[in-house]
Structure formats: C-alpha cells, structure tokens
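> Starting off with a structure, shown below.
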Amino acid sequence: MAKKVIVQANLNDNDTEFLSEPRQSLLEVLRETLALTGTKEGCNDGNCGACTVMVDGRIVNSCLMLAVEAEGKKITTIEGIAQADKLHPLQQSFLEEAALQCGICTPGFIVAAKGLLDREPKADEHRVRHWLAGNLCRCTGYDKIIRAVLKAEKEL
Amino acid sequence: MTTTENRPQFKVVGTRPVRHDGLEKVTGKAKYGADVILPGMLYGKVLRSPHPHARIKSIDTSGALKIPGVKAVVTAKDLPIQSDKMVELGEAHANMKQIAENCLANDKVLYKGHAVAAVAATSPHIAEEALDAIKVVYEVLPFVLNVDDAMKPGATLLHENMVTRAVLGGKPDPAKQVGKSNVSSEMRWVGGNLEQAWKDSHVIVEREYFTKPVHQGYIEPHVTTVNWNPDGKITVWTSTQHTFGVRQQAAAILQVPEGMVKVIPMEIGGGFGGKINVYLEPAAAMLSKKTGHPVKMVMTRKEVFEASGPTSGSHMKMKVGATKDGKITGWQLWLAFEAGAYPGSPVAMGAMCSSAPYIVENFDVSALDIVVNKPKVAAYRAPGSPIGAFAVESTLDELAEKLGMDPMDFRLKNAAKEGTRQITGAPLGKIGNIEVMTQVKNHPHYKSPLPVGPNVGRGVGMGYWFNIGMQSSAALNVNPDGSVSLVTGSVDIGGTRVAVAMQAAEILGIRAEDVIPTVADTDSIGWTGVTGGSRTAFATGIAAINAAEEVKKQLIARAALMWEVKPEDIEFKDGLYINKKSPKDSVTMKQLAAKMMMTGGYVTASATANPRMAGAAYGAMIVDVKVDPETGKVDLLRVTAFQDAGKAAHPSYVEGQIQGGAVQGIGWALNEEYFHTTDGVMANSSWLDYRMPTSLDLPMIDPVIIEVPNPGHPFGLRGVGEVGICAPMAAIRNAIFRATGARMYHLPMNPGSIVEAIGAKKAAGHTNGAAKK
Ligand code: FES
Ligand code: FES
C-alpha cells in the first residue's frame, strides 16, 4: 500500500485536511473517510452521475477523480447545497414536483442541475435534458425531474 | 385525470402533499444501504467464476489468508446444509437451496459471474486484491445460452437430475413424456375447440418473437452489512424490498431460528423486483461469524449485471385468428423463457397476463421454463407480463391491420370485462379494461393527426398485471400534540410512506403532515410482505386504515368520557368529534390528544391486514415515433401512458409509477439487452454499453390516470407500480411499422436491426414487384 498523502481542500465552505491513499477516488474519500455519504455510488465508472459533485464550480463525477487531485480545490457536495435552514430552490422544487422516487439519484441530479443553473439560469427543456444526460434515473422517467429544474429556474 | 364514477370526495386521498422522507433525500441525509458505517467494520468482496459452466474441482484459499489485512475467507462449504423446502418469496417460489447455491456455488458454477468465494479484509481494496490469491481449479463444461440450444437433444444439462414438471390446467399432466432436461417445467392451458376456431377464421396470423434478458437497472448496487454476535444474534442492515423475506432466507440458509435474525431496512435505491432474493447476506454473515466483526459488502455495477437480476430472454410463437367482423376465434401461444441458472422464470405469468385483456374462448397456451448458463432471473416489474405482451400486442396489431380495422376498435371488440374467464378458468373481478381502452380511443393524442413528415408512425399496446395482496402490519401511536406516529414494515421505494400515511389521515380527519411515518425493522413491527407486486399502497394502506379506525374508536370513547355520554352519542365528522346530545360540544383530535393523560392514557393501536382483492390493473400506451431509415434511430415524438389506478392515493406518485414503467419499457424496446459473446460472457456489463434511457432520449411522458374503484379497498385503490411497463414494447414496435412498413420480431429494436428490417422489406418489395411484371 502506497503511503497516504495529506490533502487540503475547501469542502462545502470549510477548509479541510484529509489523508488519502493515492489510489482512492474522491468519491471513496468523501463517503468512507469524511462520512459525507450524501454523494452516491451507482457505477464507479463514470456512467451514472450519482456521484456528481462540484469542483471549482464545474460538475465532476467524483468516482473518476482521485482524492489527491482535490488539493487546493473548492468542492461542493449535496451536503453543501442548502443554506443553513433554507433549502436551495432546486431541493424545494424536487420535493414539490415529486421528482424523486427511490431518491438514490437525487443528490447527483441536484448538484448537476445547480451546475447548469449557475451558468444558464434560463436553460430551456432541451438544454436541461442535454445537461442532465449524464445522470441516470431508473425510477422517474425524468419527466418530473425536468419539470422540477424548470420550476426552480423561475424561483431563482 | 379521469374519474369514471361518482364517489364520495376525499379530503386527503387524491391530494399531493410533500412526502415525509423527501427532505432527507434532497439534502443527502437519508441513509441508504451503502451508507452504513459500523465500529470495527470489515469489507467483503466476492470471487466470481470466469466460466459460464464448470465443475469446481478445488478451491485453495490459503494464499488469500496470508495477505496482511485479510481476516477470513468463506466458500459454499461454510454455509450450513440447506434443505429443499420451498418458501413464499413475494411473487415467485424459490428453492432455498438454490438461492444458497446462487450466493456461493457448491460443486458447479452455472454462469460467468457466479460467486465462488468471499473474503473479508480491513479495506475493500485489500479484499479485492486477496481474490487473486484464491486458487480455483475448474473443469470447464459446455454451456447453453438460449432456450433453443438448451432444448436441443444432447444439450449440456445444468442440473443433471432435473426432470421436466409437466402441468396441464394447473394439475400434473400424466400424458406428457418427460425426461432429464433443461426444461424445468412446461405448463399448458387448453380450452374450447381450436380446430373449429381455425375453420371459423376469416384471417389467421402466425408469428414468432425473440427477446433478450434485460436488467432492472436500479441505480443502487446490491449492498449488505451483517453482524453475527457470539450469542447467536444476527443483525442485517440492507437495501431490500422485503425485510421479512431477507430474514426468512438468511435464517434458512444459515440454519438459525428466524427470531435470531433482525433485518434493519436502509433506504433503498430502486428494486423493481430485483431486491427480493438475497445475494450477499449468507457470505457476509459467515464472514462476520468467523471474524467477530460486522462485514459490509457492496457489489460493483459489473457484479450487479453479471450476478443479479435480470429478467428472462425468450422465444415465443403466436397464432391467432378472427372472424371478418373482428372477433377473435382461436388463440395459440407458445412461450419459452430463460430462467437463468436455476428454475423460476415468470413464464406462466407471461402467458396468463398477456391473454388477460381479451376474451379468449378457444385456446392452447404453453409456457416453458428453461435453465441456461446465465444469471438466475429475478422479478422485474410485472414479471413476465411485458414479454408476453410484446408477442400478443404485436400479433393483434397485424391481425387488426389485415382486417382493416382500427387497432383500438379491434381490441374493444374483444375486450375482457368483469366475469370474463381467463385461460386459467378464473373469472376476472371488477376491472377497468374497457375504460382504459375507451380512454385511449377517445384521447386527443389518438385522434390527432400524425406529426407531418416522412417515416413517422403511431402505435398502441395494452398491458395487464394482476397485483397482489398479502399480509401487512401497521401501528399508530397518538402523540400529545395531536400528531400520529405510523409504523409499518413496508420499505419505501417510491413514495409509499406518504401514500400510506394519507390513508390513515383520511380516516382520522387530519392532514397527511400530521401523520409521521416510519419504516421499522423486523423486530419492531408485525410481519409484512414485500414492497412489490404493486401491493404496498394497497395492502399496507388497509393495515393503516384498520389501525386508524381503532384509534378513532378509542378517541370517540375518550370524547364520550369527557362529556359523560355514551360512545354512540359521539358523531365523527370532518375531523371533529361532536356530542350529538349537545351539538355545540365538539373537539378536534388535537384537543382530545392533549387531554389523553386525563382520559385514560396514551392512545395506541396496531392492526394487520391480509387483503385478497388486490384489484387487477390495466394499462396502455400511445406512442408516435420518427424513424431515420438511414441510421435506424427511433425518436419518440409523443408518448401517452394510460393506467387504471382504482383511486390514485397520491396522484404525483401514481404518475411517477406510470412514467417510470413507461420509460423502462422504452429502454427494453429500443436499447437494452444482455449481449453475450459466443464464449458465454456478457460483453456489455457497464452502463456505457448497457444503455438505459437518459433524459435526452425521451420526451415528456404524459400520464393518464383512470379510476375504476377496486371494491377490495376502502378508498378503491388498485396497485399501480407495475403494469406501466407492459405496453411500450409492442406500442413502439407497431409505431415503427407505420413509420417504415417494417415489422420487427426481435427485442431490442436497436438501430442496426431496424436498418436490417427496412432493407429486408425493400428487398421483398422488389421481388414482389418483379413477380407482378
Ligand atoms: S458512481 Fe460515479 S458516475 Fe456512477
Ligand atoms: S429516483 Fe430512483 S433512480 Fe432516480
């Protein structure tokens, strides 16, 4: 086993330091070392988006990024999306539009959708579908997810 | 949404409150199976067979045990001996010994990916590395990958002593010659006079279909954590559709009393039928026993594909005739389903369900369950029904076309209704079949002109699922603030906490938000059946209704005590307890709850329901497609999905079931398949290559809820979870025909196969043209 490395990163607005083996993915360290289990694993090979986080404002599949690459980066996970006691409009609209069934894909969709709305607050349906095409949901057929994102745009 | 009958209006049922567990799920706080972290926890990994069929000559685990960090290794030899007793597992009977062998192969591996040994170590990486140090000697055997090869004389036998079970009309068929075979059972139903029926037919269509196995595709992989204490108590934290089923299977495989096993349900990331059988628990339990530590095991996505799920691939033949005016005369259906490595495909359900929308008087229906060297199939949303429906709804479309009839007129002419006998002889109960068909025919989508342009077509299809009842338990505890805690044993996969809570709220005249639902472990609530079979909102709903009625009765007694009148003098109306003797005296539940301690203590109630009349569900789809004849790509232009919900408890989540089922069916129709290479290996065991629909592949799915109340439920609910997956394959296939003139007989209808079918059609057209000259 290679020696662990100290990594310093800003995680959900907190400066954080953690130890990581060079081979560990960011997803594994978030979940197993830092107990931030809101970020989910669906495939561990970049094909489902359940593990989506934001790194310096860009959406990333955390299963495809090594934890040591987080050095000096700003990371936002699902746990960092709501403000204190106030849900993000996306979280609120997902609730109101019944945009989740089992909910395993939901953290990834909300982080990915935030990545879109931060950049394109007026994205239309096609653009939302295109942007979220890297996130799989097997329960909903996407209809209510797309509606929830379009509704959140209006609230923002 | 359409209501077909005048019924009392509900206050809570039929509204759309925010689900109670939603906030935790949109903030990442909800704990799913993989989120379990326990003190001293070890990580388990599974060594799997590289061969589709082989005898295990020896397993040497000594190398693995020498690796630092490795704590234990288990093989099938470590599993207590199992008996052959059959157990009830939701929708399918499963042989416990075979479930155990599927978890850890005994003397033979029966598919690539079959578990052979498991390792526990201090990290998942060490456990994975240790797998390479286990030496297994195999004697490689020939293998069979589809039903036709498996039935050939001389085919390699997966289970050397298996003899076909021949069943005619539900009873053993002594006339049938049976021998050792990969066909585990052949069920047959015959009725009427088929010979005469063919003579009476104006048109007869005879067709043949092939489908591939497809996976349920839940986003959360299988996961479990097991702790086996030295006192014999075993605790399982898992994502399952059926906690009590995991308890039963684990206890049977580990040969311990059921009471020694406690199953704690974690939130579950999808199941669709695939999370009922155990896969990891027996190995995790034995590893925990050996090490004295809790052991967590998570499948990789590749393992999920190769060693869990899927549903059957099939070969089907259908011959059906009709009179000139479109009445079905004869009905002959032959279904052969892959069971995977062990018997138990849903072929009988495929045969019965696909015939259920129609009046079928002269019939001969056969259903063959056939083992092949692929993973053992598991239930998948209306198991068997969508496969059968693909054959039936496709053939009927061709029959209607030959008759020159509108496809919905043809279906309506032959529509089964209450009292119609199914092929099993059982009459249908109160159903919404005709209502669904009528809604399709009258829907603006059906009446609208096709979108303009070439290669555009519209198709329809029907679907049926019988739904199940079974036992559920619920407990209600009134809190001093007037809220009510609701405890059930039903795992919530898609919004059933709220749908069940709403039913209790309806009875008590309170808001859905005032009911606080919890899903309890197997030590904390009465026996409850699977979250599956579309039964949860229906059956657990009835348990909650019964408990709520009991709470109401007790609260009426408390009100009577307060006013010193008899309970009969209290009227309950719109959430108010009213003194009939002095109608100005009325109290709310909140006020009664605040006084509970003075009127006799806290009010609690529990109830168990075991309803039978689950209320069968019918569904349908209209779909418009555009096909690119050059590339074979199919674009879905418009999709409308219809379903009889009886009464939609929470319409948003009923719509969600309809939409989700529709899209799984769309994936099955167009893309999804287990692609096995000739060496017996699944070549597409990742989501990159097993392509499920993404948001970009789809339009909005317009759900139409039809409400023909189920007399078996106080509010009229029918199961809603499954039937939505039945119609899409044939509907899309029929639309592709209208868009291109090509008839498809294989699933999936991927671009390559569509280009090929269009090419074949053109070639045939040219030949015909030449013949005419
Ligand atoms: S877990 Fe990272 S993309 Fe699926
Ligand atoms: S809600 Fe279950 S996968 Fe999306």
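> Suppose the filter is modelled with pLDDT under 95, more than 16 Å from ligand 1 (Cβ to nearest atom) and on the phi > 0 side of the Ramachandran plot; does A:Ala98 pass it? Write out each step before concluding.
On the way: modelled with pLDDT under 95: no; more than 16 Å from ligand 1 (Cβ to nearest atom): yes; on the phi > 0 side of the Ramachandran plot: yes.
Criteria not met by A:Ala98.
> Here is a further query. Just checking, how many residues over the stretch B:238-288 are among the polar types (S, T, N, Q) and either within 16 Å of ligand 2 (Cβ to nearest atom) or more than 25 Å from B:Leu47 (Cβ to Cβ) (or both)? Explain how you work it out, then say what you get.
Of the residues in the stretch B:238-288, the ones among the polar types (S, T, N, Q) are B:238-241, B:243, B:248-249, B:255, B:277, B:288.
Still in the list and also either within 16 Å of ligand 2 (Cβ to nearest atom) or more than 25 Å from B:Leu47 (Cβ to Cβ) (or both): B:239-241, B:243, B:248.
Total meeting the criteria: 5.
> Another question, if that's okay. For a quick check of your reading of the model, give me the residue pairs whose first member lies in the stretch A:38-49 and is free of Cβ contacts under 8 Å to residues at least 60 places away in the same chain and more than 7 Å from chain B (Cβ to nearest Cβ), whose second is open to solvent by 10 Å² or more (accessible area, probe 1.4 Å) and not hydrophobic (A, V, I, L, M, F, W, C), with beta-carbon atoms closer than 9 Å and at least 6 apart or on different chains.
A:Gly46/A:Asn61; A:Gly46/A:Gly134
> Continuing with this model, one more query. Every residue in the stretch B:736-765 that is farther than 16 Å from B:Asn671 by Cα, touching a residue at least 40 places away in the same chain (Cβ under 8 Å) and in a helix (DSSP H, G or I), please.
Result: B:Phe737, B:Arg738, B:Ala739, B:Thr740, B:Ile758.
> Moving to a separate point now. Which condition breaks for B:Ala537 when tested against (1) farther than 15 Å from B:Ala474 by Cβ; (2) touching a Leu at 6+ places or on another chain (Cβ under 7 Å)?
(1)
> Tell me yes or no: at least one residue of the stretch B:205-221 is more than 16 Å from ligand 1 (Cβ to nearest atom) and within 14 Å of chain A (Cβ to nearest Cβ).
Of the stretch B:205-221, the ones more than 16 Å from ligand 1 (Cβ to nearest atom) are B:205-214, B:216.
If we keep only those that are within 14 Å of chain A (Cβ to nearest Cβ) as well, we get B:214, B:216.
Yes, the conditions are met somewhere in the stretch B:205-221.
> A follow-up question, please. Those residues that are assigned to a strand (DSSP E or B), closer than 18 Å to B:Ser695 by Cα and either within 16 Å of ligand 2 (Cβ to nearest atom) or not hydrophobic (A, V, I, L, M, F, W, C) (or both), I need them from the stretch A:33-70; list them, please.
The answer is A:Thr52, A:Asn61.
> Can you pull out every residue in the stretch A:50-65 that is more than 9 Å from ligand 1 (Cβ to nearest atom) and away from chain B (no Cβ under 11 Å)?
Just the residues of the stretch A:50-65 that are more than 9 Å from ligand 1 (Cβ to nearest atom), to begin with: A:53-60, A:65.
Across the stretch A:50-65, the qualifying residues are A:Met54, A:Val55, A:Asp56, A:Gly57, A:Arg58, A:Ile59, A:Val60, A:Met65.
> If you don't mind, another one. Here are some residues: A:Ile6, A:Ile75. Which one is within 16 Å of ligand 1 (Cβ to nearest atom), touching a strand residue (DSSP E or B) at 6+ places or on another chain (Cβ under 8 Å) and modelled with pLDDT of 95 or more?
Only one candidate qualifies: A:Ile75.
> Only residues that are hydrophobic (A, V, I, L, M, F, W, C), in a helix (DSSP H, G or I) and farther than 24 Å from A:Leu27 by Cβ: list them for the stretch A:95-110, please.
A:Leu95
> Looking for something surrounded by fewer than 24 Cβ atoms within 10 Å (Cβ to Cβ), closer than 30 Å to B:Val639 by Cα and in contact with a helix residue (DSSP H, G or I) (Cβ under 9 Å, 6 or more places away or on another chain) - is there at least one such residue anywhere in the stretch B:468-480?
Within the stretch B:468-480, one or more residues are surrounded by fewer than 24 Cβ atoms within 10 Å (Cβ to Cβ), closer than 30 Å to B:Val639 by Cα and in contact with a helix residue (DSSP H, G or I) (Cβ under 9 Å, 6 or more places away or on another chain).
> Separate question: Could you list all residues from the stretch B:292-304 that are within 14 Å of chain A (Cβ to nearest Cβ), of a type outside the set (A, V, I, L, M) and surrounded by fewer than 24 Cβ atoms within 10 Å (Cβ to Cβ)? Break it down stepwise before answering.
Going residue by residue through the stretch B:292-304, those that are within 14 Å of chain A (Cβ to nearest Cβ) are B:296-304.
Subsequent filtering for residues that are of a type outside the set (A, V, I, L, M) retains B:296, B:300-303.
Those that are within 14 Å of chain A (Cβ to nearest Cβ), of a type outside the set (A, V, I, L, M) and surrounded by fewer than 24 Cβ atoms within 10 Å (Cβ to Cβ): B:Thr300, B:Arg301, B:Lys302, B:Glu303.
> Answer yes if at least one residue in the stretch A:69-86 is over 11 Å from the mean Cα position of the chain (by Cα) and at the interface with another protein chain (Cβ under 9 Å from one of its Cβ atoms), and no otherwise.
At the first step, the residues of the stretch A:69-86 found to be over 11 Å from the mean Cα position of the chain (by Cα) are A:69-74, A:82-86.
Now drop any that are not at the interface with another protein chain (Cβ under 9 Å from one of its Cβ atoms), which leaves A:82.
Scanning the stretch A:69-86 turns up at least one residue that is over 11 Å from the mean Cα position of the chain (by Cα) and at the interface with another protein chain (Cβ under 9 Å from one of its Cβ atoms).
Condition check ((1) more than 9 Å from chain A (Cβ to nearest Cβ); (2) under 19 Å from the mean Cα position of the chain (by Cα)) across all residues:
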{"position": "B:His650", "(1), (2)": "no, no"}
{"position": "B:Ile658", "(1), (2)": "no, yes"}
{"position": "B:Gln664", "(1), (2)": "no, yes"}
{"position": "B:Val681", "(1), (2)": "yes, no"}
{"position": "B:Ser686", "(1), (2)": "no, no"}
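> Among the residues of the stretch A:97-123, which ones are surrounded by fewer than 18 Cβ atoms within 10 Å (Cβ to Cβ) and touching a residue at least 12 places away in the same chain (Cβ under 8 Å)? Can you show your working first?
As a first pass, look at the stretch A:97-123 and keep what is surrounded by fewer than 18 Cβ atoms within 10 Å (Cβ to Cβ): A:118-122.
Correct list: A:Asp118, A:Pro121, A:Lys122.
> Filter the stretch B:271-291 down to the residues that are closer than 23 Å to B:Pro386 by Cβ and in contact with a Ser or Thr (Cβ under 9 Å, 6 or more places away or on another chain), then identify the one that is nearest to the other protein chains (Cβ to nearest Cβ).
Out of the qualifying residues, it is B:Gly271.
> Continuing with this model, one more query. For B:Val478, are the conditions met, namely being over 22 Å from B:Gly646 (Cβ atoms), modelled with pLDDT of 95 or more and within 32 Å of the chain's Cα centre (by Cα)?
So B:Val478 does not fit the description; no.
> Which of (1) more than 16 Å from ligand 1 (Cβ to nearest atom); (2) among the small types (Gly, Ala, Ser); (3) open to solvent by 10 Å² or more (accessible area, probe 1.4 Å) does A:Ala133 not meet, given it meets every other one?
Among (1) more than 16 Å from ligand 1 (Cβ to nearest atom); (2) among the small types (Gly, Ala, Ser); (3) open to solvent by 10 Å² or more (accessible area, probe 1.4 Å), the lone unmet condition for A:Ala133 is (1).
> Looking at (1) within 25 Å of B:Ile126 (Cα to Cα); (2) within 14 Å of ligand 1 (Cβ to nearest atom); (3) surrounded by fewer than 22 Cβ atoms within 10 Å (Cβ to Cβ), which is the one condition that is false for A:Arg23?
Result: A:Arg23 passes all but (2).
> Out of B:Phe272, B:Phe305, which single residue is farther than 30 Å from B:Leu396 by Cα, in contact (Cβ under 8 Å) with a residue 24 or more places away in the chain and under 21 Å from the mean Cα position of the chain (by Cα)?
On the way: B:Phe272 fails: farther than 30 Å from B:Leu396 by Cα.
It is B:Phe305.
> Residues to consider are A:Pro89, A:Pro107, A:Pro121; find the one that is modelled with pLDDT of 95 or more, of a type outside the set (Asp, Glu) and within 13 Å of ligand 1 (Cβ to nearest atom). Even if it seems obvious, please write down each step before you answer.
On the way: A:Pro89 fails: within 13 Å of ligand 1 (Cβ to nearest atom); A:Pro121 fails: within 13 Å of ligand 1 (Cβ to nearest atom).
Answer to the check: A:Pro107.
> Something else: Please give the number of the condition B:Ser83 fails out of (1) assigned to a loop (DSSP other than H, G, I, E, B); (2) at pLDDT 95 or above; (3) open to solvent by 50 Å² or more (accessible area, probe 1.4 Å).
Unmet for B:Ser83, out of (1) assigned to a loop (DSSP other than H, G, I, E, B); (2) at pLDDT 95 or above; (3) open to solvent by 50 Å² or more (accessible area, probe 1.4 Å): (2).
> Going by the structure shown, is B:Met260 hydrophobic (A, V, I, L, M, F, W, C) and surrounded by fewer than 24 Cβ atoms within 10 Å (Cβ to Cβ)?
Values: hydrophobic (A, V, I, L, M, F, W, C): yes; surrounded by fewer than 24 Cβ atoms within 10 Å (Cβ to Cβ): yes.
Here the answer is yes, as B:Met260 does meet what is asked.
> While we're on this one: Taking the stretch B:222-252, which residues are more than 23 Å from B:Pro39 (Cβ to Cβ), surrounded by fewer than 24 Cβ atoms within 10 Å (Cβ to Cβ) and either within 14 Å of chain A (Cβ to nearest Cβ) or more than 19 Å from the chain's Cα centre (by Cα) (or both)?
Listed by number, the residues that qualify are B:Gln248, B:Ala251, B:Ala252.
> Only residues in the stretch B:596-624 that are assigned to a helix (DSSP H, G or I) count as the first member; pair them with residues that are not polar (S, T, N, Q), Cβ under 8 angstrom, at least 6 apart or cross-chain, and list the lot.
Short answer, once both residue conditions are applied: B:Met596/B:Val478; B:Met596/B:Pro480; B:Met596/B:Arg558; B:Met596/B:Tyr602; B:Met596/B:Val603; B:Met597/B:Pro480.
For (1) more than 16 Å from ligand 2 (Cβ to nearest atom); (2) part of a helix (DSSP H, G or I); (3) more than 16 Å from the chain's Cα centre (by Cα), each residue gets a yes or a no:
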residue	(1), (2), (3)
A:Ser93	no, yes, yes
A:Ala112	no, yes, no
A:Asp118	yes, yes, no
A:Leu136	no, no, no
A:Ile146	no, yes, yes
A:Ala152	yes, yes, yes
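> With the condition kept exactly as written, say whether any residue in the stretch B:427-438 is out of contact with any helix residue (DSSP H, G or I) (no Cβ under 9 Å at 6 or more places or on another chain) and within 25 Å of B:Ser345 (Cβ to Cβ).
yes
The values are calculated or read from the model by the stated rules, or taken from the named source; none is laboratory data. Just so we're clear, the structure is a prediction, and the values are computed from it rather than from any experiment. So basically every Cβ, Gly included, is an ideal-geometry build from the backbone, and we count neighbours across all protein chains shown. With ligands, DNA and RNA removed, areas are computed over all heavy atoms of the protein, side chains included. Shrake-Rupley method; radii C 1.70, N 1.55, O 1.52, S 1.80 Å.
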